[in-house]
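Shown next, in structure tokens, is the structure this report addresses.
The values are calculated or read from the model by the stated rules, or taken from the named source; none is laboratory data. This is a predicted model, so every value here is computed, not measured. Here Cβ is always computed from backbone atoms with ideal geometry, including for glycine, and neighbour counts include all displayed protein chains. Ligands, DNA and RNA are stripped out before the accessible areas are found, and what is left, the full protein with its side chains, is counted by its heavy atoms. Shrake-Rupley method; radii C 1.70, N 1.55, O 1.52, S 1.80 Å.
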Amino acid sequence: MKRTECSAMANDVHTSHEAPSGPTTRFFGLRLKFVLLFSLILIVTCSTLSWYFVETRRQAMTSSLEELGTILLTNTVHNEHFRIAGVVLEDHITLGQFMSSLMTIDHVVYVVITGSDGRILDRQSKRVRTPSSHAVLASPPAIYPDDHLSESLLRTPLTTPVISRLVLSPDQRLIAQDETSDWLLSFFLRRETLFDFAMPVLREVSTAGSQSQRAVELEETAGLSPPTNTGAVVGIVRIGITDAQANQALLIIVRNVLFLTIMIIAAGILGAHFLTSRITTPLRILATATRKLSEGEETTSLLPPASNDEVGQLTHAFNVMIQSLRDHNQAIIRNLDTIRQQVRQLTTVHQASAAIAKTSMLDLDSLLETILRLLAQNLGFPRMTVLLYHPERNYTSIAKMIGVTPEAEAAARQLEIPITDGSITADLIIHGKPLLIHDIESVAHRFYPPTLELMRRSGTRSIVCVPLQNHAKILGYLVCSRGSLQCNEEDLDTLLTIAGHVAAAIDNAKTYADLAELTQHLEERIEQRTEELSHANTQLQEHDRRRSKFLSVVSHELRTPMTAIRSFAENMLDGVTGPLTELQRTYLTRVQHNVARLSRIIAQLLDWSRLDTKPIELRVENVCLHQIATIAADGLQMVASEKSVSLVVVPAESLPPVQGDRDKLEQIFVNLIGNAIKFTPPGGHISVESSVSSPGVVQICVADTGCGIDVTHLPNIFEEFSKVPSTMPASQGAQLGLWITKTFVTMHHGRIWVESQPGTGSRFYFTVPTAESQDVPKQSPHESMSSDYSPSTQSST
């Protein structure tokens with residue numbers, strides 16, 4: 001039965017391949033390819049073996065014929081009686097006896113005995129020439145080989161036979177044949193080949209009888225050993241041996257081998273065809289079934305395995321696959337039904353969620369009303385309730401209800417449901433567990449009694465409850481009921497899906513309400529703070545005006561008495577009032593020093609006040625920094641000389657001009673050189689160097705050998721009113737000179753920094769762009785002070 005089904009399916013496959021709907025490309029099947037390959041291998045192998053066997057037999061037969069001819073010839077030639085009586089004495093009776101004995105052998109065709117002078121002593125042949133149609137002869141002539149070989153042998157005393165292969169030419173002459181190339185042609189043309197054995201008969205040199213007797217014995221026993229001593233040639237013996245019988249036997253062998261080879265090849269081809277049929281037939285059946293399967297046709301039955309080998313295992317695996325596909329198809333069908341049901345459910349949920357997302361109302365009561373109406377319309381719940389959690393008092397209250405009368409809703413919204421251990425509310429609010437209650441009477445003890453009474457009055461039998469959770473915070477829970485109908489797991493899953501959206505909408509509404517309240521509170525606070533700041537700003541402006549006026553008045557009022565004090569002190573020191581004691585001179589010198597110090601402080605305060613209150617315009621022109629440095633140093637030379645401090649301006653060559661305000665630049669030099677003089681002890685040295693640090697930038701360095709500045713105070717050195725400790729506190733002023741200097745440098749788009757260590761002096765650097773690289777615009781001091789300084793280039797800031 002299985003074979004019948006397999007054959008039928010194979011016929012279907014063959015029919016489907018033979019009768020396609022459109023033109024197809026012809027191809028060789030796996031069975032044909034395998035049979036052709038196996039047949040080719042089998043034919044080549046069998047033919048090679050057969051050829052080897054036939055060739056081996058042919059060579060063995062040829063060797064036998066050559067051995068036979070050699071033995072016959074050597075025995076005859078070495079026979080003492082034949083040599084003496086037959087050849088030497090030309091005894092025809094002896095020759096005839098030997099001739100007759102040789103001719104009786106079937107393979108011998110002719111025997112020719114030639115004398116030493118080339119005369120033929122005797123000869124016989126079994127082959128005669130075939131007479132022509134018009135010639136009439138009494139007896140046709142016999143066929144013998146030509147005498148050229150005999151003539152050469154008469155001159156060469158050989159001791160071994162000379163073997164030649166001869167064939168009968170078309171003119172019936174014996175001619176030589178090529179040993180290697182013509183035997184196959186002669187075999188198939190059935191042309192007789194003659195092996196011609198020729199050997200000279202030699203006269204023995206020694207006449208001793210014992211030696212002759214020993215030679216005869218050797219010849220009779222071995223037949224191949226030549227005599228030890230040779231003499232002159234006394235004759236030649238030629239024996240012709242035919243291969244006709246050998247060819248006949250070889251022909252029989254070839255026929256048998258050919259028949260056997262053909263039978264083996266035929267049996268191999270049939271076996272290969274049968275074997276490939278056992279393989280390809282199930283494969284074709286599998287291919288057909290696979291094609292039907294790929295085209296969507298459903299197979300009604302499994303394929304029977306034709307064998308237990310790999311093909312059978314493949315068929316079994318295919319059957320398992322078909323069965324698995326059937327099971328998967330059934331599972332897919334069931335899943336599709338479930339998916340369709342879930343899609344319908346999710347579509348409903350999506351419509352409700354989209355409606356919630358589109359709701360622009362942020363009033364909580366209106367929002368809950370809209371959400372519950374949408375859920376009731378899309379999910380089919382006749383009664384729905386939202387309860388909100390109040391963590392400050394640990395209770396829940398009903399925020400909105402639908403499906404009940406307005407009076408019942410108003411009464412329900414007055415309830416405050418406490419959260420107690422073991423209650424339904426505790427599971428929802430504290431543990432966040434969704435609940436599906438099929439019968440409220442079975443868990444009546446877990447309900448708050450007024451709530452249970454309300455559900456009984458409304459005819460509620462089963463409810464589903466889900467917590468409303470958003471960002472890990474439970475806001476309340478949603479209760480839905482189908483009235484007298486029972487809720488199921490699908491209702492619970494649907495509410496769990498929509499609960500997050502409802503919680504987000506409620507949280508947004510509550511957040512908006514809180515944000516609106518906070519915004520109102522913030523607006524009130526901002527208005528209050530704005531009024532306070534406005535009042536404070538007015539007070540600060542008034543204080544600033546009074547400060548500026550105070551500084552201006554104080555500076556002006558202080559300058560008049562200070563000028564008088566300085567003049568009187570200088571007159572007294574000059575001796576106008578008479579001679580002075582050393583103590584008086586010391587006191588007057590101190591008075592003069594402190595008056596000068598107070599004058600500098602007043603000047604710095606006035607400069608600081610002007611820079612801080614009103615914009616300053618630069619009178620820009622092309623100037624030479626080295627020239628300005630020289631002028632400033634000349635003005636301070638007397639002060640430096642009084643302290644025994646050397647002040648040197650290092651000459652600079654090819655220094656490019658800069659664009660700047662001459663007065664402001666001179667004040668920068670005066671401030672830096674003046675500071676260096678103040679903080680350099682007697683015997684110290686101050687130098688001013690000018691150079692081009694980089695293309696388009698002129699750099700100035702004011703170096704001194706004074707007390708130096710601690711590294712920790714360098715970042716604050718250029719700040720106004722900075723309190724930097726010094727080893728020479730008497731030289732310190734209002735701490736405004738470096739701040740003013742930095743302001744002027746910044747107004748010229750330059751940079752300023754300092755390098756200093758305590759006890760080794762200080763080096764103040766500042767840079768100004770050249771006139772070709774930049775035009776300096778007018779700036780206010782406030783704009784100039786907003787410039788940034790890089791720590792890598794300005795260590796002082």
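Residues whose amide H falls under 5 Å from that of residue 127, counting only those 5 or more places apart or on a different chain, are 143, with hydrogens built in the peptide plane. Phi angles across the stretch 496-504 convert, under the Karplus curve 6.51 cos²θ - 1.76 cosθ + 1.60 with θ = phi - 60°, into 3J(HN,Hα) values of 5, 6, 8, 5, x, 5, 5, 5, 5 Hz, Gly and Pro given as x. Rolling a 1.4 Å probe across all protein chains gives residue 366 an accessible area of roughly 40 Å². A probe of 1.4 angstrom, applied to the heavy atoms of all protein chains, finds residue 237 with accessible area near 0 square angstrom.
Coupling constants for the stretch 381-396 follow from the phi torsions by the Karplus curve (6.51 cos²θ - 1.76 cosθ + 1.60, θ = phi - 60°), and in residue order they are 8, x, 10, 9, 9, 10, 10, 9, 9, 10, x, 5, 10, 6, 8, 10 Hz; glycine and proline get x. Working ranking of peptides 530-538, 742-750, 629-637 by packing, defined as the average number of other Cβ atoms within 10 Å per residue, highest first, is 742-750, 629-637, 530-538.
For a test of the definition: using alpha carbon positions, the gyration tensor, and the 1.5 limit on a/c, classify the stretch 29-101 as rounded, prolate or oblate. Because a/c hits 1.5 or more and a/b exceeds b/c, the stretch 29-101 counts as prolate.
The listed residues 110, 587 rank as 587, 110 when sorted by accessible area, largest first, using a 1.4 Å probe. Around the amide H of residue 757, modelled in the peptide plane, lie the amide H atoms of 709, all under 5 Å away and 5 or more residues distant in sequence or on another chain. Between amide H atoms placed 1.01 Å from N, distances below 5 Å from residue 692 occur with 699, all of them 5 or more places distant or on a separate chain. Modelled label positions at residue 267 and residue 441, each set 7 Å beyond Cα in the direction of Cβ, lie 9.4 nm from each other.
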